[in-house]
Every structure is written in C-alpha cells, then in structure tokens.
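Values quoted throughout were computed directly from the atomic coordinates according to the rules given, and no laboratory measurement underlies them. All figures in this text were calculated on a predicted structure; none of them were measured in a lab. Glycine gets a Cβ as well: all are built from the backbone with ideal geometry, and neighbour counts include every protein chain shown.
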6 protein chains.
Amino acid sequence: MSDFGRSGVVRRTIPRADAAAIERLGRYGVATVHEAQGRTGLMKPWMRPAWPGAAVCGTAVTVLAQPGDNWMLHVAAEVLKPGDIVVIAVTAENDDGMFGDLLATSYRARGGVGLVSDAGVRDARTLAEMKFPVWSRAINARGTVKATVGSVNVPIVCGGMLVHPGDAILGDDDGVVVVPREKVAEVADAADAREKKEEANRKRLAAGELGLDIYGMRDALAKAGLKYLD
Amino acid sequence: MSDFGRSGVVRRTIPRADAAAIERLGRYGVATVHEAQGRTGLMKPWMRPAWPGAAVCGTAVTVLAQPGDNWMLHVAAEVLKPGDIVVIAVTAENDDGMFGDLLATSYRARGGVGLVSDAGVRDARTLAEMKFPVWSRAINARGTVKATVGSVNVPIVCGGMLVHPGDAILGDDDGVVVVPREKVAEVADAADAREKKEEANRKRLAAGELGLDIYGMRDALAKAGLKYLD
Amino acid sequence: MSDFGRSGVVRRTIPRADAAAIERLGRYGVATVHEAQGRTGLMKPWMRPAWPGAAVCGTAVTVLAQPGDNWMLHVAAEVLKPGDIVVIAVTAENDDGMFGDLLATSYRARGGVGLVSDAGVRDARTLAEMKFPVWSRAINARGTVKATVGSVNVPIVCGGMLVHPGDAILGDDDGVVVVPREKVAEVADAADAREKKEEANRKRLAAGELGLDIYGMRDALAKAGLKYLD
Amino acid sequence: MSDFGRSGVVRRTIPRADAAAIERLGRYGVATVHEAQGRTGLMKPWMRPAWPGAAVCGTAVTVLAQPGDNWMLHVAAEVLKPGDIVVIAVTAENDDGMFGDLLATSYRARGGVGLVSDAGVRDARTLAEMKFPVWSRAINARGTVKATVGSVNVPIVCGGMLVHPGDAILGDDDGVVVVPREKVAEVADAADAREKKEEANRKRLAAGELGLDIYGMRDALAKAGLKYLD
Amino acid sequence: MSDFGRSGVVRRTIPRADAAAIERLGRYGVATVHEAQGRTGLMKPWMRPAWPGAAVCGTAVTVLAQPGDNWMLHVAAEVLKPGDIVVIAVTAENDDGMFGDLLATSYRARGGVGLVSDAGVRDARTLAEMKFPVWSRAINARGTVKATVGSVNVPIVCGGMLVHPGDAILGDDDGVVVVPREKVAEVADAADAREKKEEANRKRLAAGELGLDIYGMRDALAKAGLKYLD
Amino acid sequence: MSDFGRSGVVRRTIPRADAAAIERLGRYGVATVHEAQGRTGLMKPWMRPAWPGAAVCGTAVTVLAQPGDNWMLHVAAEVLKPGDIVVIAVTAENDDGMFGDLLATSYRARGGVGLVSDAGVRDARTLAEMKFPVWSRAINARGTVKATVGSVNVPIVCGGMLVHPGDAILGDDDGVVVVPREKVAEVADAADAREKKEEANRKRLAAGELGLDIYGMRDALAKAGLKYLD
C-alpha cells in the first residue's frame, strides 16, 4: 500500500487478474457478483453507465488525476494491455468531462475495453455509437487541461471503493463492482453457484410458488412477531 | 389511519379501487391525471422509471420496510391480486437495491403489474427486458438482508405522498401519481374531459393559433401590467 | 444590460445571430463548440436532454418566469421566429413541469425548434415521439399556474450561464452551450478547425499511435517530474 | 383522513394532545422520544434548527401552503392556542423564506411556541435573538406572495412524516419528532423509563465499564461469528 | 457587457456605488433589501456565512477564477479600495478552499471588508476570530494552485446572480443580495420605507392583532374560496 | 491490505502513530497539515464538525459498520487506548445517528478523544456541552440496531479517504485530514516550516504588502497573458 496517494508515478508492469477467470466473471451481472463476494466491492450508486446496456468485465489500470486535468489519461494509454479497463480517481470532487471519443478511440486501439470515472465524461452520443462501455459520475461537455501530473497504477479510491491495479472490474446497468485480483476465480465460482440456485428458484417463482415457501421464511417471520390480520 | 407506522402487521384483505375505473384511468398520462385531480397526488420528482417507456396503472399493495431489508417484499407477494402494484416505503432514507428480477418474476406470476420503491432496485436490464414497470429513487446493485419485520398494507408515505392500500397508482415517464381509491372513477372522468379539451386545443395550436388567443389571456396580462416594447 | 431582472416586459424585436452561421455551428457537438470558444458558455451539467439523441442549434428567445408559473411561455410563442429556441430562467429554484406537449406543438407551429428550461418539463414520452428537442433540470409531471407576469427577451441566467436574446444555443447529449450572438461565425470557424485537427488525430489514435507522441507530451511530463517504475 | 390534500379549508377547532403530557414529553430529547416510540415519527434529517439550542415541545397546527406563498401562515395565526407549533407542508419542493420575524412576533403574541417548515425561513438572526424555536429545510431571504389559498389544520406530510393537527411536536438540535396526539402520555412514560435506564448506564460507562458487559453483548457477538485477532 | 466571460483581463478602475448610499443600505437586512428591490438580486440559498453573525455591506470587486486556482485572488488585492467586497465566480462547479486567513489579512490591510465565493473557503475558525465576513458555497480545507489566469472586475455570475464590478453587495445570516450600482440610494430609500412600515406592524402584531386584519386579507381569502369549518 | 473489506474481525493490537509526533501535529490546523503533506489525505467536505470549535488530533481506531447498526461501536470501546479517535465507515450510504452521548461517555472513560463518522450522529447538544469532538456526514436522531457484525481495526474508506488503524487523524472547523502513521513526524515538521513561513508573510500582508510582490507573481502573470486595463 505504500504507493497510496503518491503522485507523479507510473507503474508500467502490474500483476493482472487471470484472463480466464475474468472471462468467467463477465458472464454474471453486477448484482450477482456483489452478492457472490459477500456484498462487498460495489461502487456507490452515483456511478452510472453513459449509455443503457453498457456491460463489460476487465482488469483495472488505475489513474489518479487532478480535478479538471486529463493528462494522466494519455499516459495510461501507453501501459494498457488487451482487456484493461481504465479506472479514474480525482483528488477532489469534480465532474468535468475528462474523457471523450478521442481517448476512447485510443484506448480501444491499445486493447482497452472500458472506462470508469469518478468525474465526468463527454461525447456521450459517440461513445454509445462506438459501444465503448463507460461509467461515470456525470456527463459534462466541460473540457480539461493537461497541466499537472498525477499517477498511473497506484491504489485509488473510485466510487467510494478501493481499487488496486490489476483488480477485476465488472460493470453493467446496475453499476460497477470491484473484485480483488487474487479472488476472481473464487468469486466467479460463487457467482456461478448463486446463478444456478437463482435459476431454479426463478422457475418456481414463475410458476407461482412463493418465496415464503421456497426460502422457508414462515417460521422466522412468526418468531419475529409478524401478525396477519384479515 | 390507526395503522399508520405500525410495524409487524400484514393486512391480507383490503378494499381496492374498482377495476373498470382503473382501466379507464390507465388511458391517461400522469401529467393529465395529476391535473385532473386538482394538482394533488404526485410523488416527488426523484421517483423515476427504471426503463424508458414504463407505464402502468394498478392498485396499491403497500409495504413498510426497514432500510436494507427486503423481507416484507416476499410477504407482500402472497397477498397480491391481479392488477396490483407494490408500493414500498422505508423507515429511513436508503437506496439499496431491494427489488430485482426474481421478485419481479414472482410478482408477475401472482398477478402483480408493477412496483414503486422509495429505495433502490437492481437488475435494471432484466426488468427492462421483462417489461416489468418499476419506478424508484435509485438503481443500485447493493443487496439487502431479511432480518427485521415491517408491515404490509398499512398507510405509508412514498415519494413524499401518502398512499393507502387499494389506492390507484399510475406511472409513466413523467413520474407516479396516487389517486385515492374512492375517487378513481371521478378522476378518470375529469382526465377524459381534460384530454378532450386538450385535443381540441392541440389542433388549434398545431395550426398556428396562439394560446394567448385560445385561452383568452391578453386582457389578464395587460391588467397584470405586462408591457410590450418593440 | 439595463433590462436585467426587469419583470413585466416583452421585447418583440430582437437582433438574432446570423442564420447561416447558426446552420454552420449546428454541425458540431457541444463539447467541440465549448472548446472552440475557449471553454466558455457551457451550462451546468444538471441541464440534461429530455430524450437521448436530442440535438439542435438555434437562436435564443429568453423567458424570465416565476417559479410554478408558465404564463410567460404562452407570451413567448407570439414572438417566435423560425429557428428560435426558448430559454427559460425562473426567479427561484424550482422543478415544476412548466412545459409539455401542447406548448411544444404551439412552438413548432410558430417556428420554434427547441427548449431549454432551468426548471422542469413534462410529457417526456410525447416530446420524444414528437422529436422536439428539450433540455431541463428535471422531468416532473407537476403543473403550473398562470398568475404572475415575468418577462420575455430580457437577459437571463439559465443553467448558471448568462443568455441574451438572440444568442446561439446549441444542445446535444453532452449538455447545452451558449454562443454570444456576434461571435457565432467566428466560433463556427474555430469549431471547424478543431474538428479537422481532431479528425486527423482520431485516425492516428485509431491506428494505435499514442497521444503522448501525437501531442508531444513526453518532455513536458518528464519536466513535471513524472517517474516511470517497472 | 378525508381532509388529506384538501385545499381551501380551515379547521378552527381541533383536538389537541393533553397539555400536561406535552409538558412531560418536553423534558426529553428528540433522540430519546424517537426511541421511546419504537423508532417512529422522526422527520427527515434535512429538517434543521434555525439557531443552535432551539428546543421546544408543543401541539401541531398544520398548514398546507402553495410553494412561494405564505398567505395561509397568516390564516393560521388566528386559530393558534397557547402551546401550539405551526407545522408547514408545501405542495411542491420549495425553499423560499416563507416565515420571518414578523410572523414569529405574531405567533408568539397569539400563544405560538415554535414553527417547523418543509420550506425555508428568513430573518434567522432575529429569530435567534427572539429565541423563537424554528426548524426548516433552508434559510433563505427570498420572500413569498399571498395569492393562492391552501389549508389549515388538515393532515399533512412534513419532513417526510405524516402530521395530524393536534399531534405533539418535539424539536431540538437533533431534529424534529412527531408523536400522535393520543399517545403522548404513553410515549412520555416510555421516554422517562428509557432516560432512567440510560442515566444508570451513563454512570457505569463514565466509570469505565464497557457496553459489551453492561448490555451483555459478548455471547451474541461470538454467535454472530465475530473473531478477535491480536 | 462586452467583457462577460473574458479571461486574462484586470480592470483597475471601476465606477463604484456611492459610499453614503452603501452606508445607508447597510442598515437593513438582506431580506428587507431583497423585498425593497422587488424581490430581485438574491443569491441562491447555498451561499452561507462562514460564521454566524457575519454581516456587511460594500462594493463588489469581481473575480473570475479557474476551479482549484486562487491566483486571481492575489491580483484582486491590488485593486481593492476601502469598502470593497471581493466576489468570486469559478468557471466550473468547485468547492475547493480558495480563500483563507492570509488573504483575509491582506484584503483587510488593503481596505477590503468582506468576501463572497461561489467556491469554498478555509481557516473558518480564524476568519470567525478575525470577524472577517465571508459567504461561500462550502467550507473546505482543500487548497488551490496558482497556475491559470482568470479576470478581475469583469461581470460574473456568482450564486446564480449577475454581479457587475462596483455593484453593492449586502450579506447577513439570511444570505447575500446584489444591488446594481446605480440603484443603491433608491433601494436604500425603499428599504427604509419598508422597515418603517414593518416596525409599525411589528408593534401591532406583538400586541396580538392579526395580519388578517392589519393587511385586510379577509375579503380576498373569502373570494379565493377559503372555507372555515368548526 | 489483506484485511480490506473483511467483516467480523477485531484486531486488538495495532501499531499507532508516535504520541509525541501526534502532539506536535495537533498544533496545526487541518488546512496547514493538508498542504504540508502535499495536498493529500483530506476527507470530503461533507465531513463537518458537530459543534463549532471542535478540534483534536489522535490515532485512528477504525470501525467498519453495517448501515443502521452501531454494534461495532461498542466493540471498539474495548480496544481504545488513550489518545484514540474512532473512525467509522459504513458499507452503504447512510446517515442514521449511530453515535451519541452515551458512547461518547464510554469512549472518554476509555481514553478516546474524538470520533469521525461517515454516517450520522445524535445528541448534538450534549456532545457540544461535553466538548467531545465529533465530525460526521449528518446530525440525525434516528437510532440504530445491534444486529450484524462488522469489523474493528481493518483499513476503511471514510469521507472518501483510506484510513488505516493507527493513522493520525486531525480535525477542526475546516474538516478532517488523515496522516499515514509512519509520516506523522515528517508532516509535523513540514507543517511547522509552512506555519513559520506563513507567519512571516502574514505580518507583511497585514502591513499592506501585496502577495503579488511577496510571492513574486508579477512576471508569471504577465507571461500567462494577464492584461491590465484602466
């Protein structure tokens, strides 16, 4: 953790979550994965997709940027590997549009598959047309300067959640969840088990059975003092 | 009103707004119905559809839940009748995702036609694909526990508006409006009259006539002191 | 500026930005134009399109309204010229739905091509179906009265930005930008130059070249103290 | 509940919570009373005192006002009885300063002992000097008109909480809590019991004993799986 | 208005509101002056005093700053005249603490009597001890750089309100109001008249007379349809 | 960092920042220390003191709590050492009043000197009378349950900032800053140097010298293109 908050540092080489595990994790939704890892890792609900249907799973390349300054986003492009998602923290609350279609073009050309920003993004329409998955705190045309250095691939806090370089990032319409690098396979297993159980329950619920019976809740409700009146 | 705020109570049998009146009310938009009942009954503007185009009219089954606890949503499933909309209040401000595709499947199987939540919902994409109409304060993957009892079918405050079990609930892209159970037919009549008048005015406006003339505003404006400069 | 804040005044005749320049400006996005005029003129990010894809460029007819009162919006209809966009300020923070499909029908019939409101709008679905471009602070079914006069075609502050009657207004998914009447041609030129440069860079970025090299940033980063670790 | 949302009605005579019970309730803090009535009745945390140290207990005279219109606050003055607190709801979100030192002077002269407003108040400094207890959503110099009637002494929703005329209202630095008229004595008893228990615990805690031991939590924590590491 | 939004300009010499008129205006509260100039000129309610009791009246020296950059605040110090209040706008929403006790010391030494900032301030405790009147959107220790030029003494939008250099600025616990330079004497007269009328009414209200009678509202209320029930 | 996000763990023994260094750090304000450590470590501006003048410096004992559940705050009491400040994160956004005068009494008896909470606190008046320093996101009477375990002395994110057990926590009217445990002496040195420099500058500024001259800004401003007009 000694890099936390360090400014002016670019780490070129980072360990990344295993690609096969990332692929498996990407089969599940954010809600399922958040549950599968014990309700941890979810970014705050202000983190919203820039276009409906955006969904991706990849490995985090982190950026610590100054508010209103997107210089480090260009620096990050050089260290991208295929399957990476750029995750941006800013050192003060800010919603300037620090990412748009030009950077999306660059990231995609270098293997990048998505972006998560604790600030704003712009060119929302073009991002949707490009189908480049983006989550952010705001959509905002306001541009940024390139004046002060930040860092790339240091631990950051984004969406209220700690993100280490190489962690798995999964986003969809429900938000963004972070899975620690070394736990991706384990969480994918848990998500798979959960999904199978849910699938079975979904059929029973669709047939009109009640959760009260499927999950055996009636006794616990009675013990908790729930009273039925007619 | 003696149930207000009571916890741990499920009322199985409630009077519901008349089904034929509900069907008629459902032909109009939220803005029209809100006007038709004298600009009352509208929930606060934070109550937004989970997917664009969501629109439904039904009868309220109310839930008073603890924040972060969706136990009572399973209890509510058992008392649903065809045409019901589950309306959720929480006892403290909270935007956890207490409703998702499994409960939507269950509610639909039991006759439920929609959901309005003063907290969050999740599985937004699946809800859209299911075309299950949902309005909420937030979309949030964060899950909930099943630990503390609340109540079902007691009066609640949802979206800043008092809702009694059996009231009519109408939602569309403009928000959600509540119509008291015994007034549904009367409000549908008023909405119909308003719509007819608006339709006539729409044609005149589309032809280039001015609202100033159609509504006869010129005198009132002059009396109010409005001055024209060239 | 002597009209600023005057109430009860309608200016029928205003100078408008040149139509040919408006047409040229409308070929560019809000982000590009905001940059092209030196990062000025952008409304606050709370100003959002009522439907995705809304995009328009036109000349401002300004309205200063009382909160919860849309009387002046009818007055404005009469002074519209083809290509005008109605821009609304309210004298206190308010998100009532003061504009809907009837006024959109009227404005369109009189040549109006869009609306920007620092309050709320309603009939969101119908506005989308009509493809009438609208930006606002909120979508809200809540209606308004016609009781107090305001002004038409006085300078206003909307979305945190000063707008004079006749200024160019450009909106898209990224927000709304104001261009002073007399600068439209000059800003369109600058936007064109910027777009051409961006287009060239987009191709190089798409081919995998780095912004670091295209924009020649490496020296400046080194001077600013950026350090690379392996 | 048939008055709910009715506009244009003033109820002169209302049943009020018992004065002796009100006096007893006023000995406790908002946090204690909220607990004593089973964690119900607390207004949302946006309801804040206009000056630090404001504290009062009284009976509710309710006002349903139009946003930006304080006409009904003058109407309410006439129906005040000694010990009353005026509680204001507005029909749309609004923070205009609809109450100031003149109305405070009038209310005090007529027996009023406080005010709770879901909108704004002004003359904050003078209210503090007068020591007139006020809670509101905002402090805002912006004034209001006297143009549209509302109602006095109908049930309202204020601070997200249902308030009936005659209910007990208790406010202090922690916020505002509503106690239903017929439960005031019972809740005062419960608050008294709670306070006595807390007083005993406070002494033990001040002496260095742990809540873990006083409340016997160690077993439950172990059962819940809490693990201690050195 | 041709300077609006210009960056990189310092106007040394500005016309200022008349000092005697400023002194007279300063005898009244913000709420009174806002009323006296027809309910215009009030900044948004997010503009709050940094310490309770802050109150001042002076002439505006305006600053247009970049977010997170307080360079121009030093530039402003040089053009201050006795009785000036520095009023800051930032080109994007930002709450960094761009003003603290050192600048307050400098401003006071140069004749400055207060500060109004659409961003944040810091050293709140010291400002209170110095009794230097400050209003801002936020209190925030976060510091700023000195890297990009803005402007001094151009028209700005601060707190949602247009401010010209030399306008009168009046602040107290209720917020901040702007009075155009050339209207200060006239508004002070109107405030004086209003205050006198209010003083007379205050006495009558304190004696228990009702506003309903003093202001003769009973007929208008009856005409508006208000009904009394017993 | 392996404990991050772990639930159900209490670490009894933690390394703490050096007591003498903490004492030295406590001589400076939050703004100074935030600058002295290179503008890092500052919590978000929503973290406000519960009473004006609250100021303290100590070592962090961290708590990760469930929203609406203050069980772990009792667990934390047992591991407090003299000079500790309890720092609370919650696993979802929440502003329930999870800390009040009883816990403050207990913490003080065990050596605790303050509290920082990313949720709400209550008993605000009593906390002020006790002069127990508290910072929080909200003041809210709403109480909490004791139902689900969290953790004590694991790394947490509070106020948007990463906090490790044993880190230095400094709070005053300007907010709260975190200093990593091993850097406290170094940061105190830097704060001291900064303070000395500021003290010298304060005298020159108070004598009427300009920052423009003291900091030698004139050349840089001219190079940046600043123009003076008369």
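Details
- Global geometry of region B:1-143, whether rounded, prolate or oblate, following the gyration tensor of its Cα atoms and the 1.5 cut on a/c: rounded
- Global form of the protein assembly as shown, assessed from the alpha-carbon gyration tensor, a/c cut-off 1.5: rounded
- Shielding score for B:217-228, defined as the mean number of other chain Cβ atoms within 10 Å: 5
- Converting phi to 3J(HN,Hα) with the Karplus coefficients 6.51, -1.76 and 1.60 and the offset θ = phi - 60°, region E:196-208 yields 5, 5, 5, 4, 4, 5, 4, 5, 5, 5, 5, 7, x Hz in sequence order, with x at every glycine or proline.
- Distance between the C-alpha centres of region C:18-92 and region E:90-148: 34 Å, rounded to the whole angstrom.
- Of all chain B residues, the one whose Cβ lies closest to the rotation axis that maps B onto C, given with that distance rounded to whole Å, is B:PRO52, 5.
- HN-Hα J in Hz across region E:169-184 - Karplus 6.51, -1.76, 1.60, θ = phi - 60°, x for Gly and Pro: 10, 10, x, 8, 4, 8, x, 9, 10, 9, 10, x, 3, 7, 10, 4
- Amide H to amide H distances under 5 Å link C:GLY29 with no residue, where only residues 5 or more positions off or on other chains count and H is placed in the peptide plane.
- Projecting 7 Å from Cα along the Cα-to-Cβ direction, the label point of F:ALA200 sits 5.0, 6.4, 6.4, 7.6, 8.5 nm from its equivalents in the other copies, listed shortest first.
- Structure-based [θ]222 nm, the protein assembly as shown - -39500 (n - 2.57) summed over DSSP H runs of at least 4, per residue, nearest 500: -8500 deg cm²/dmol
- Whether region C:184-230 is rounded, prolate or oblate, judged on the alpha carbon gyration tensor where a/c under 1.5 counts as rounded: oblate
- Taking all Cα pairs closer than 8 Å and separated by 6 or more residues, the relative contact order of chain A comes to 31 percent.
- A simple packing score, the average count of other Cβ atoms within 10 Å per residue, orders the peptides A:129-135, F:173-179, E:19-25 as F:173-179, A:129-135, E:19-25, with the highest score first.
- If you take the Cα centroid of region B:171-230 and the Cα centroid of region E:156-230, the two points sit 33 Å apart.
- Contact order normalised by residue count of region F:109-178, Cα under 8 Å, 6+ apart, percent: 24
- Amide H contacts under 5 Å for D:LEU162, placed H, 5+ residues apart: none
- Of all DSSP beta bridges confined to the protein assembly as shown, the antiparallel ones make up roughly 45%.
- Peptide C:201-207 is shielded by partner chain Cβ atoms: per residue, an average of 4 of them sit within 10 Å of its Cβ.
- On the basis of the beta-carbon distance and an R0 of 60 Å, F:ALA206 and E:ILE214 show a calculated FRET efficiency of 0.70.
- At R0 = 35 Å, FRET efficiency that the Cβ-Cβ distance of F:LYS196 and F:LYS223 yields, to 0.05: 0.75
- Mean Cβ count within 10 Å, highest first, over the residues of peptides E:136-146, C:191-201: E:136-146, C:191-201
- Take each residue in A:70-76, count the other chain C-beta atoms within 10 Å of its C-beta, and the mean is 4.
- Note on chain A: antiparallel DSSP beta bridges, both residues inside, total approximately 45 percent of the bridges counted.
- With each label modelled as a point 7 angstrom along the Cα→C-beta vector, the C:LYS131-A:ALA20 pair spans 5.1 nm.
- Comment: the Cα-to-Cβ extended label point of D:ASP219, at 7 Å, lies 2.1, 7.7, 7.8, 7.8, 8.4 nm from its counterparts in the other copies, nearest first.
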